[in-house]
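Report on the structure given below.
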Amino acid sequence: MPIIDRRKDRFIVDQDTRVSVGIDFPFARVPSSGDGYFKTSKTTIDAIKNNIKLLLKTERGERLFQPFLGMDLKRFVFEQITEDIKIQIENDIVNVFETWLPFVNLGDIQITTDQDNKININIIFNIKRAPSSLESVGVVLE
């Protein structure tokens, strides 16, 4: 019979460090430590941060059998980034998160560019089940 976990913050406070939540990216082999073959994320927050990074860096149509997964953000790398394009990127991020990461509340999306045609996206978020904990993740598109 399964045991139901009734802790209030069960998605935030990961108690058992022996249990891996997801695979860490980029793929890397772990030295023989008994944790498995690939490097893994040990907390839910780390797994969600990896999911956000992968979602933003994945182009639509890139994943087999998931043609709508991802965003087309690389098309903006060599564009002149205006306020209208920043608003378009923010709207795209909100729409994609509603579809693929519905358990994440977006707090703030900051988009900056530099002279090397890099787009820096910083997202402040929290998990809907634990609204008091704010986290941030940054992605650089080149």
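See the values below:
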item: Stretch gain in nm, segment E79-F65, where the contour uses 0.36 nm per residue and the Cα spacing is subtracted; result: 2.1 nm
item: MRE, 222 nm, helices only [DSSP H, n ≥ 4, -39500 (n - 2.57), over the chain, to nearest 500]; result: -7500 deg cm²/dmol
item: Estimated vicinal HN-Hα couplings, Hz - segment 124-133 in sequence order (Karplus 6.51, -1.76, 1.60; Gly, Pro = x); result: 9, 9, 8, 8, 4, 6, 9, x, 7, 9
item: log₁₀ of I(q)/I(0) at q = 0.19, 0.21 Å⁻¹ - the chain, Debye sum with one point per alpha carbon; result: -1.22, -1.34
item: Selection of chymotrypsin sites (Phe, Trp or Tyr not before Pro), segment 26-99, meeting DSSP coil and at most 16 other Cβ within 10 Å; result: F27, Y37, F65, F68, F78
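Only the coordinates and a few stated rules stand behind these numbers; no lab work does. It should be emphasised that the depicted structure is a prediction, and the values quoted were computed from it without experimental measurement. We place every Cβ from the backbone using ideal geometry, glycine too, and count neighbours over all the protein chains shown.
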